[in-house]
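The values are calculated or read from the model by the stated rules, or taken from the named source; none is laboratory data. Remember, predicted model here, so these are calculated numbers, not experimental data. Cβ placement follows ideal geometry from the backbone for every residue including glycine, while neighbour counts extend to all protein chains displayed.
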Amino acid sequence: MSSAPPRPDLPTNLDAGFFARDVVDVARELLGATLLVDGIGGVIVETEAYDQHDPASHSFSGPTRRNGAMFGPPGRAYVYRSYGIHWCLNFVCGEAGHGSAVLVRALEPTTGIGTMVARRKLSDPKALCAGPGRLAQALGITIDHDGRSLAAPPFQLLPRTGPAAAIIAGPRIGISKAVDHPWRFGVAGSRFLSRPFPKA
DNA sequence: GGTATGATTGACT
DNA sequence: GTCAATCATACCA
């Protein structure tokens, strides 16, 4: 299914140690990192944090068949089907068994754009990866990726190289509980966000 | 066994 | 702005 080779020329993956920390910190620090799946992807510009004590989190009621990966070791993917139609990609964080994860909501496409356009059947780069379902479709994410290590193929997760961009925070999107937690994070001013952030 | 509900998107009025 | 698509999971009987 992949159309581009991996990129061994690029720097080291973020490893499990990066994710074995507070999920909110990880969500913020993931901004600017580069996510590639089979060599296709871009720079993370929007994330959301979820943890087990959070009523909006899938892990709130404990482990189930669907969210099992969330309770596994950090540094792995948690993939679930949303609204019966879309796949959404998360990175498991914190200590193993604690059920916290970062939802990756938007990327700035940089690598393999042609493949993403083909998968998404549309050419506007602003809409290629602006939203968790769109991002998963563009990167070819499916349940097959659930529980897979982010430090091994097909994933490549590369640390931010340049200076940290300004970060904006706001309420998470699409949830009905704990809406007051400002655990959605984005690169301020990015044109590739899934939605604008409410004005501070 | 049945039924309600989404961490969404795209099409349409 | 509204709303249908579409299905695995969760929850109840």
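For segment A:146-172, a residue qualifies if it is assigned to a loop (DSSP other than H, G, I, E, B) and more than 23 Å from A:Phe71 (Cα to Cα), and the qualifying residues are A:Pro159, A:Arg160, A:Thr161, A:Gly162, A:Pro163, A:Ala164, A:Ala165, A:Ala166, A:Pro171. For A:Trp87, the criteria (1) within 16 Å of DNA strand C (Cβ to nearest atom); (2) surrounded by 24 or more Cβ atoms within 10 Å (Cβ to Cβ); (3) under 28 Å from A:Pro196 (Cβ atoms) hold in every case but one, which is (2).
Checking each residue of segment A:104-118 against the condition of being closer than 14 Å to A:Val23 by Cβ and either more than 7 Å from DNA strand B (Cβ to nearest atom) or not charged (D, E, K, R) (or both) gives at least one match. Among the residues of segment A:87-99, those that are at pLDDT 95 or above and within 9 Å of DNA strand B (Cβ to nearest atom) comprise A:Cys88, A:Leu89, A:Asn90. Among the residues of segment A:112-140, those that are over 16 Å from A:Val43 (Cα atoms) and among the charged types (D, E, K, R) comprise A:Arg119, A:Arg120, A:Lys121, A:Asp124. Looking across segment A:130-171, the residues that are small (Gly, Ala, Ser) and under 23 Å from A:Gly114 (Cα atoms) come down to A:Ala130, A:Gly131, A:Gly133, A:Ala136, A:Ala138, A:Gly140. Scanning segment A:62-80 for residues that are within 15 Å of the chain's Cα centre (by Cα) and part of a loop (DSSP other than H, G, I, E, B) turns up A:Pro74, A:Gly75. Of the residues making up segment A:131-154, those that are under 20 Å from A:Gly186 (Cα atoms) and within 16 Å of DNA strand C (Cβ to nearest atom) are A:Gly131, A:Pro132, A:Gly133, A:Arg134, A:Ala136. The one condition from (1) assigned to a strand (DSSP E or B); (2) under 21 Å from A:Leu30 (Cα atoms); (3) within 13 Å of DNA strand B (Cβ to nearest atom) that A:Ile141 does not meet is (1).
Every condition in (1) surrounded by fewer than 21 Cβ atoms within 10 Å (Cβ to Cβ); (2) over 26 Å from A:Arg21 (Cα atoms); (3) not charged (D, E, K, R) holds for A:Gly72 except the one numbered (2). Answer with yes or no whether A:Asn90 is within 22 Å of A:Pro182 (Cβ to Cβ) and not aromatic (Phe, Trp, Tyr). Here the answer is yes, as A:Asn90 does meet what is asked. Of all residues in segment A:38-61, those that are more than 16 Å from DNA strand B (Cβ to nearest atom) and assigned to a strand (DSSP E or B) total 2. Only one of the listed residues (A:Leu35, A:Leu31) is crowded, with 22+ Cβ neighbours inside 10 Å, in a loop (DSSP other than H, G, I, E, B), among the aliphatic types (A, V, I, L, M) and modelled with pLDDT of 95 or more. That residue is A:Leu31. Scanning segment A:155-173 for residues that are over 15 Å from the mean Cα position of the chain (by Cα) and within 16 Å of DNA strand C (Cβ to nearest atom) yields a count of 1. Would you mind finding the one in A:Ser190, A:Ser176 that is in contact (Cβ under 8 Å) with a residue 60 or more places away in the chain, within 17 Å of the chain's Cα centre (by Cα) and more than 26 Å from A:Ala20 (Cβ to Cβ)? Being in contact (Cβ under 8 Å) with a residue 60 or more places away in the chain, within 17 Å of the chain's Cα centre (by Cα) and more than 26 Å from A:Ala20 (Cβ to Cβ) holds for just one of A:Ser190, A:Ser176, which is A:Ser190.
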